[in-house]
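To keep things clear, I will list the structure first and then write my remarks on it.
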Amino acid sequence: MRAPKLLEKMTHKIPSNHPRASSLIIREKLVDGFNGGIVVPQGLIAHGRGEAFDYLLGEKTTKYAYDAEKVAVCILLLSDKSAISINGNTAALCAKDLVKLSYVTKSRIEVNLFHRSVARSNAIARILRKEGSREVLGVDTKAKSIIYGISSNRKFVAKEGIMDSDTVLVTLEDGDRTESLVRMGKKVISVDLNPLSRTAIASNVAIIDNIVRAIPNMIRLSEQLVKKQKTYLQSLIKNFDNKENIRNSLLVIKKGI
Ligand code: PTJ
């Protein structure tokens, strides 16, 4: 995580020598997002759950998370059409990095909200554009397709984005849509600190890491892996076992305790 850079901006709120400064800075970003109409109150609760798992994982990217990030990047680079799904929490935490990842992996960016409102979709799209995204899907209510089998507002997706993609990166998600997307034959990559979540278990690749670390890692990995042979990327994908990787993340927690 890029704590020093963030600390510069936030010194008025968090003392830089506070032993839990990084974690408190993340909270501040979410509170700012909440005050700015980006994050829903439920997002603050969801963050608490993630934070608890992060604490148990040692608040660092484990070897297993890094392996999953690498394979996820391979899948994104080999995809014909990929989309990155963005919600309130992820926009508040790492909009700039998500935009950068979309460029390095040639993925489209789509706003997709559980607690959907036009005002919040527009506010999130504004942030993404400010951070450099030339296109943000999911905000035009007329251009909606529906994913059958889910009852929440997450079912409304853009035809040219999530609906037509062969790979979707879902971030801080509830399990329903992941399960539906996998049933539709798409490759689903998730970022979720909870190794026991339905999202993690249903995804093809579950990244058990904090999104604020996962996305910068994936940007760096994309810049390296894009130079490699296609067959090398394919071999990394072939040798990855999601369930095994999740079990290893759980063992990290167990050993830590
Ligand atoms: O912005 P909206 O309307 O789309 O709503 C977003 C939330 C997050 C409220 C919505 O997606 C939700 O309710 O999510 P869940 O079902 O609570 O799942 C969120 C998952 O993300 C949980 O398993 C958390 O452990 C995990 N999580 C929370 N913060 C992080 C995280 N995973 C990675 N990095 C985090 N910073």
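The values are calculated or read from the model by the stated rules, or taken from the named source; none is laboratory data. As the structure is a computational prediction, the values presented were derived from the model and not from experiment. Here Cβ is always computed from backbone atoms with ideal geometry, including for glycine, and neighbour counts include all displayed protein chains. For accessibility, only protein heavy atoms count, side chains too; no ligands or nucleic acids. Shrake-Rupley method; radii C 1.70, N 1.55, O 1.52, S 1.80 Å.
Some notes on this structure:
- Contacts under 6 angstrom Cβ, first residue in the stretch 158-174 being hydroxyl-bearing (Ser, Thr, Tyr), partner assigned to a loop (DSSP other than H, G, I, E, B) and away from the ligand (no atom under 16 Å from the Cβ), 6 or more apart: 165/81; 167/79
- Matching residues in the stretch 173-213 - criterion: being crowded, with 24+ Cβ neighbours inside 10 Å, within 10 Å of the ligand (Cβ to nearest atom) and aliphatic (A, V, I, L, M): 191, 193, 200, 207, 208
- Within the stretch 138-153, the residues that satisfy the criterion of being at pLDDT below 80 and either over 16 Å from residue 109 (Cβ atoms) or open to solvent by less than 20 Å² (accessible area, probe 1.4 Å) (or both) are 141, 142.
- Checked against the criteria, residue 152 counts as within 12 Å of the ligand (Cβ to nearest atom), of a type in the set (Ser, Thr, Tyr), out of contact with any helix residue (DSSP H, G or I) (no Cβ under 6 Å at 6 or more places or on another chain) and closer than 20 Å to residue 116 by Cβ.
- Residues (under 16 Å from residue 206 (Cα atoms) and open to solvent by less than 50 Å² (accessible area, probe 1.4 Å)) located in the stretch 52-70: 53, 54, 57, 61, 62, 65, 68, 69
- With a requirement of 2 or more residues that are polar (S, T, N, Q), the strands (runs of 3 or more DSSP E) lying completely within the stretch 134-223 that satisfy it span 167-171.
- Residue tally, condition closer than 25 Å to residue 152 by Cα, open to solvent by less than 20 Å² (accessible area, probe 1.4 Å) and away from the ligand (no atom under 13 Å from the Cβ), over the stretch 96-118: 2
- Selection count where residues are among the hydrophobic types (A, V, I, L, M, F, W, C) and either under 9 Å from the mean Cα position of the chain (by Cα) or more than 16 Å from the ligand (Cβ to nearest atom) (or both), scope the stretch 72-93: 8
- Residues in the stretch 235-257 that are open to solvent by 90 Å² or more (accessible area, probe 1.4 Å) and either among the β-branched types (Val, Ile, Thr) or touching a residue at least 24 places away in the same chain (Cβ under 8 Å) (or both): 243, 257.
- Once the stretch 25-54 is narrowed to residues that are without any contact (Cβ under 8 Å) to a residue 24 or more places away in the chain and either touching a Ser or Thr at 6+ places or on another chain (Cβ under 8 Å) or near the ligand (Cβ under 10 Å from one of its atoms) (or both), the residue that is farthest from residue 240 (Cα to Cα) is 41.
- Some residue of the stretch 158-166 being within 13 Å of the ligand (Cβ to nearest atom) and crowded, with 22+ Cβ neighbours inside 10 Å: no
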